[in-house]
1. Give TYR67, TYR80 a once-over and let me know the one that is hydroxyl-bearing (Ser, Thr, Tyr), in a helix (DSSP H, G or I) and modelled with pLDDT under 95.
2. Of everything in segment 31-51 that's outside any loop (DSSP other than H, G, I, E, B) and of a type in the set (Val, Ile, Thr), which residue is modelled with the highest pLDDT?
3. Go through segment 103-119 and count every residue that is touching a strand residue (DSSP E or B) at 6+ places or on another chain (Cβ under 7 Å), surrounded by fewer than 17 Cβ atoms within 10 Å (Cβ to Cβ) and at pLDDT 90 or above.
4. Out of (1) modelled with pLDDT under 95; (2) assigned to a helix (DSSP H, G or I); (3) surrounded by 12 or more Cβ atoms within 10 Å (Cβ to Cβ); (4) of a type outside the set (Ser, Thr, Tyr), the odd one out for ARG132 is which?
Amino acid sequence: MSFKKIFAALDDSDLGHSVFDQTIELALANRADVMLFHCVTASSMGETAVPIPVDLGMNVQLMEQAYQAQYLELERQVQYARKFLQNYCDAAASRGVQVEFDCKMDGDAGQCICEASQNWGADLIVLGRRGRTGLAEAFLGSVSNHVVHRAASSVLVIQELKD
């Protein structure tokens, strides 16, 4: 089986570096184009956006300030992601891989990856798996599980190595 368009979902972690390395090896072996991608979500910042009804006594001005602060943090995360994606992109291009990158701000990373990869026409998605199980997976979800079950293309999951 040969892949011509490889979509890599990355972050700036050791696991993300492993996903990048595997993606580049596959791209070189298959002479494939590569899309490097990151989805910024509120949960990637360690918090979630939960709307609080104003009628419960919440000060409207304080609520607006909280939403503004969260929006600015999301924007900061997008700029950071664009920077590390550009660094990955430069490294891939130096090895002769035809590469581009994109970053989206979305509420659900798994859905975002599936949609972006399908829109780009990927025939392979490469992403990492942190190995959450039990309650951690139930509460935090599993992006890799979502993608494996809903992607329109083949999926390669890179397991995070535990010490």
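The values are calculated or read from the model by the stated rules, or taken from the named source; none is laboratory data. The model shown is predicted, which means the values in this text are computed figures rather than measured ones. Counting neighbours? That spans all protein chains shown, and the Cβs are built from the backbone with ideal geometry, glycine included.
1. Numbers: TYR80 fails: modelled with pLDDT under 95.
Answer to the check: TYR67.
2. Across segment 31-51, the extreme among qualifying residues is VAL34.
3. So the count comes out to 1.
4. (2)
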